[in-house]
Each structure stands twice: as C-alpha cells, then as structure tokens.
Amino acid sequence: MTNLQQRTAGGVDYELTRRRVKNINLRIRPNGTVAVSAPLHTPLAVVDDFVAGRAGWIEKAKAETLHRAQQAAQQPLPDAAEALAAFEQMSELVFPLFAGVLGGQKPVLKVRSMKSRWGVCRPAQRTITLALQLYNQPKAAQIYVVVHEYCHFLVPNHSPAFWAEVEKILPDWKARRRLLRQ
Ligand SMILES: [Zn+2]
C-alpha cells in the first residue's frame, strides 16, 4: 500500500501524504498540482474539510503559479557569453573556499541550455556546467546554485553531509533555493 492518496474535496484534486507532522500542510507545486501532508492519525474528513475550506485560495494560487511558470518558459534565453561572464564572477568569490580540495586549480565553468536542472558538477573533470536559464533567475538563487555545485567537489551526492556543507557557506540556502522557479 502506498502512502500517497489521490483525493478530491470541495472541487479540489489533491495528493495526500501521511507524515509524522503536527499540522496539515498544503502546498501548490510549480506544475499546479496540490500536495497536502497530514499527521498520521488525522481523520480523512478533517483533511478534506481543510482543503475544501481553502478551495478559493487554492484556485487563485494555482492560477498564479501556472501563469508564472508560463512566463518563465516564454522568457528568451539569455546571451551565453554574458551569462558565463556573470557566473565566472560568482565563481571567483566561491573558489577560495574550495581552493584546498581543488588543489588550487579553478574548475572549468560552462553554460548551456538545460531544461531539467540548474547545474551539473563533474568532480573528476573539475567542471561545473550551469543552465543558461539560471541567468533569468534572481541573483541570490544563482549564487546558491554556484555554491551548490562547488559543494559537490566535497560531497558528490545529496546526503545530509552535502547539505551541511552548503549550509556552512549559505545559511539561508533554503530561502535562496525557493526563489528558483521552474
Ligand atoms: Zn546537486
């Protein structure tokens, strides 16, 4: 039996996940679907009421989310040379923190159009490739991605140890990551 349940309440389709949480949480995903997490023992009727009671707000939030995603998709790709120059500047600031693990050698930075991710780090090749689309995102978020990719030189995966490294450099990385729209 899966932990995930598709439900409808007050005309709202939503995905319910049971978790060890204290309260019912509701969020609209970037693709417009509604995700709800609820404590393990909260009755379904209570969860449905919670969602139905917010149907108007959900409707509006969904429309806004989809509109924003559409706008982002329509944005023209930035100039590659300009984006690379800007990313290089950010990289200059971050590099000193990783000079040790990189043996004093700067990684090679590249940009290209990538639709499903913001950046890729190949530690063995010492390369970081950043999405051209990233340059259309807020600067605080761009810096987060650069730091994120650099941290893969220390930890290649997304384990807690990895996020601890990101947090050491950017304590507000979560807020920055939230700025990334896709
Ligand atoms: Zn990563």
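If the condition is being charged (D, E, K, R) and within 19 Å of residue 62 (Cβ to Cβ), then the stretch 1-20 contributes 7, 13, 15. Tallying residues that are exposed (fewer than 14 other Cβ atoms within 10 Å of the Cβ) and not hydroxyl-bearing (Ser, Thr, Tyr) within the stretch 113-137 yields 4.
So, residue 53, is that one at pLDDT 95 or above, out of contact with any Leu (no Cβ under 7 Å at 6 or more places or on another chain) and either in the same structural domain as residue 151 (by TED's automatic domain parsing) or over 16 Å from residue 136 (Cα atoms) (or both) or not? For residue 53, the condition - at pLDDT 95 or above, out of contact with any Leu (no Cβ under 7 Å at 6 or more places or on another chain) and either in the same structural domain as residue 151 (by TED's automatic domain parsing) or over 16 Å from residue 136 (Cα atoms) (or both) - is met.
The values are calculated or read from the model by the stated rules, or taken from the named source; none is laboratory data. Remember, predicted model here, so these are calculated numbers, not experimental data. Cβ sites come from the backbone with ideal geometry, for glycine too, and all protein chains shown count toward neighbours.
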